[in-house]
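One structure below.
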Amino acid sequence: MANTTAIRTSQSKSLYIQVIVAVIAGVLLGHFWPQIAVQMQPLGDAFVKLVRMMIAPIIFITVVVGIGKLTNTAEVGRIGLKAIVYFEVLTTLAMLIGLAVGHIFTPGAGLNINPATLDSSAVSRYTNAPHQSIADFLLAIIPDTIVGAFAKGDILPVLFFAVLFGIGVAHAGERGRKFVEVLDEAGAALFMVINIIMRFAPIGAFGAMSFTIGRYGVGALTQLGFLMLCFYLTCVLFIFIVMGAVVRMTGLRLWPLLKYIREEFFIVLGTSSSEAALPSLMVKLEKLGCQKPLVGLVVPLGYAFNLDGTSIYFTMAITFIADALNIPLSWGDYALILAVLLLTSKGAAAVTGGGFITLAATLATLNGKVPVAGIVLVLAIDRFMSEARAITNLFGNTVATVFIAWWEGQLDIARARRILAGEEAPLSDEVVA
């Protein structure tokens, strides 16, 4: 048993080191040989597509098996409600912090850009795109067909159907239990596939990072460097102060939890996609001591509703644009921005380019005070800021799941402490993240 544990730990550290090396190699290739680097994009895209291919079936099986084993299905509604309340509180706090940092440090001040010189054509794909209303967003959770939900790979419709199906299985008695056993075995096979896919994480990280640096250049990092510095520092402070306080409430410590999901951090850093780490994150949270049904509900919900990094980005980007254009914002404007974003930001993860569409929709509510075309000012560095957004979102969902599990009494604190202290192997033989 000790030898098996040592092998698993060695494999995990090996992947961790490989991803770090791949990210560094991608940066070097992108900087010194950009023409070659931009051709590496398919490597990153292919890895992300491989992971996304697995997300819908994994969520479906995890949720159905979890709910199918429950004796009290009312628990599902209670967990979901607590999760939504937690998400709203934390994302609101993230937005307020973003507004405060943007207002105090004014990273856009001094640019003195004339609004008339903005190239609106550069953002036409976002300003002309239809933004989902809150009603449209809620209706989109209900899939047109069951097959369609899986075909599109949208998380919330799959989760919605899985919850209903899981409740049906839980009420099916002995026949339902037999079906749950079959799904459980199928789930083990799916996670074996994820185990295989994760071996290609270094290649995916290398391809994505090579393309980013080769396409945009390291110089883009300094073009609007103060905004990036403020944003990165705000995300770091949010993680260590706000999330640190939340983790402390559960009886755990922040730093060991950060180390526990370091492989996922580097996968997200390389691919700029928090979805790339979703399957392995769910496995790690279960092994940490969070109950499987709760993980299956909270993590997918968090990917749609708990976007802490994105929330910080939205408010900081808006204040940056206003400062750069020398447009003063009143406290009433800030309140309106916050109120609008509380609704519009919930659909940001569901649409490609959703972040810019949400920014455009929010600026449009300010009655023309800040031109929508102003989002062109952050286009150049958005790709570099996406890493911080994705990492903050990832850890936000990790902390949310641990906290709600603790809140529900479904967190094995003793086990979690042993695993975070390195006294017990966190991963089963089936899955090595």
Could you derive backbone 3J(HN,Hα) for the stretch 158-166 from the dihedral phi with the Karplus parameters 6.51, -1.76 and 1.60 (θ = phi - 60°), listing whole Hz in sequence and x where the residue is Gly or Pro?
5, 5, 4, 5, 5, 4, 4, 5, x
Protein-only accessible surface order, largest first, of E185, E275 at 1.4 Å:
E185, E275
Report the local net charge at M282: Lys and Arg +1, Asp and Glu -1, summed over other residues whose C-beta lies under 11 Å from its C-beta.
+1
On the formula 1/(1 + (r/R0)^6), with r taken between the Cβ atoms of N114 and Q39 and R0 of 56 Å, the FRET efficiency rounded to 0.05 is 0.90
The stretch 139-249 - convex hull of the alpha-carbon atoms, volume per residue in Å³
230
Taking H as built 1.01 Å from N, whose amide H comes closer than 5 Å to the amide H of C290, not counting residues under 5 places away?
D412
What Rg and what Dmax come out for the stretch 181-331 when only alpha-carbon atoms are used, in angstroms?
18.9, 63
Restraint check, K259/K292; K178/K259; K49/K287, Cα-Cα greater than 28 Å
K178/K259
Order the following by accessible area, largest value first: T92, T319. Probe radius 1.4 Å; ligands, DNA and RNA are ignored.
T92, T319
Between A335 and R248, the two model label points (7 Å from Cα along the beta-carbon direction) sit apart by a distance in nm of 3.2
What does the highest-first list of 225-237, 139-151, 386-398 look like by mean Cβ count within 10 Å?
386-398, 225-237, 139-151
Evaluate E = 1/(1 + (r/R0)^6) for H31 and L96, where r is the Cβ-Cβ distance and R0 equals 41 Å; express this FRET efficiency to the nearest 0.05.
0.65
Given Cβ charges of +1 for Lys and Arg and -1 for Asp and Glu, the option among T271, L338, Q291 whose Cα lies farthest towards the positive end of the dipole of the stretch 254-342 is Q291
Output wanted: per-residue J couplings in Hz (rounded whole) for the stretch 22-34, from phi through Karplus 6.51 cos²θ - 1.76 cosθ + 1.60, θ = phi - 60°, x for Gly and Pro.
5, 4, 4, 4, x, 4, 5, 5, x, 7, 8, 10, x
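The values are calculated or read from the model by the stated rules, or taken from the named source; none is laboratory data. Owing to the predicted nature of the structure, the values given are computational and were not obtained by experimental measurement. Note that we place each Cβ from the backbone using ideal geometry, even for glycine, and neighbour counts take in every protein chain shown. These accessible areas exclude ligands, DNA and RNA; they are computed on the full protein's heavy atoms, side chains included. Shrake-Rupley method; radii C 1.70, N 1.55, O 1.52, S 1.80 Å.
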